[in-house]
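See below for the structure under consideration.
The values are calculated or read from the model by the stated rules, or taken from the named source; none is laboratory data. For clarity, every value in this text was computed on a predicted model and none was experimentally measured. For neighbour counting, all protein chains shown are included, and Cβ atoms are generated from backbone atoms with ideal geometry for every residue, glycine included. Each accessible area value is taken on the protein alone, full model and side chains, heavy atoms only, with ligands, DNA and RNA left out. Shrake-Rupley method; radii C 1.70, N 1.55, O 1.52, S 1.80 Å.
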Amino acid sequence: MRLPLVSSDDPVLREQAVPVEDRASIKALATDMLQTMRLEGGLGLAAPQIGKSIRVFVTGVGGTEHVFVNPQIEWYSETIVPYEEGCLSLPRLRGVVERPDRVRLRYLSLEGAPQRIEASELLARVIQHEHDHLEGILFPDRMKDIRTLITLTQEEWDSRFENKE
Ligand code: ZN
């Protein structure tokens, strides 16, 4: 089921999300979040973006999809790289954000098993962007110079299926 995205000014996007305690309740939600991410043409989607202030996000980078429950970034690389980001919650906006190029993430699978993943490049980028959503942080907050935020036309936005997180 495709879930509606909350609007860009919804306060839920600014809340600190709470850990998931009842995993059984989020299996269907995770399936719907993955479907919504695909239909929106996104690389990732965090629960606050669909109005749920819980610590869950999904990613779909390079043909591989992941569901991350109660994720914690436990390591960042020292190498910082700039990259132009967009966000499904902030339609038509794009901006360059500098982030570490690798991270290691601890999380639970949908079955409740503790997992670790070390990610690089685009997946590392998306993981950090989605993790920020769980903290109420949006990508413009991370920009060094907010004046470099770009507004695309609707046509440009619709035709770009990459870098929407
Ligand atoms: Zn986003």
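Mind ranking 135-142, 8-15, 93-100, 41-48 by how tightly packed they are, going by the mean number of other C-beta atoms within 10 angstrom, highest first?
Working: 135-142: 16.9, 8-15: 14.1, 93-100: 18.6, 41-48: 25.8.
So the order, starting with the most tightly packed, is 41-48, 93-100, 135-142, 8-15.
Show E78, E85, E118, E111 ordered by accessible area, largest first, where the area counts protein heavy atoms only and the probe is 1.4 Å.
Working: E78 175, E85 0, E118 100, E111 130 Å².
Greatest to least solvent exposure: E78, E111, E118, E85.
Among G136, Y76, G112, which residue has its Cα positioned farthest towards the positive end of the charge dipole of the chain, with +1 placed on the Cβ of Lys and Arg, -1 on the Cβ of Asp and Glu, and the dipole taken about the Cα centre?
Most positive-ward Cα: G112.
Assign unit charges at the C-beta atoms only (+1 for Lys and Arg, -1 for Asp and Glu), then state the dipole size of the chain relative to its Cα centre in Debye, rounded to the nearest 20. It would help to have the intermediate numbers written out before the result.
On the way: 20 positive and 27 negative charges, 38 e Å.
Using Cβ point charges on Lys, Arg, Asp and Glu, the chain gives about 180 debye.
State the answer as a single residue: which of H66, V20, P91 lies farthest towards the positive end of the charge dipole of the chain, with beta carbon charges of +1 for Lys and Arg and -1 for Asp and Glu, about the Cα centre.
V20
Kindly sort Y76, Y107 by accessible area of their heavy atoms, largest first, with the probe set to 1.4 Å. Mind showing how you got there, number by number?
Values: Y76 110, Y107 30 Å².
Reading off the accessible areas and sorting them downward yields Y76, Y107.
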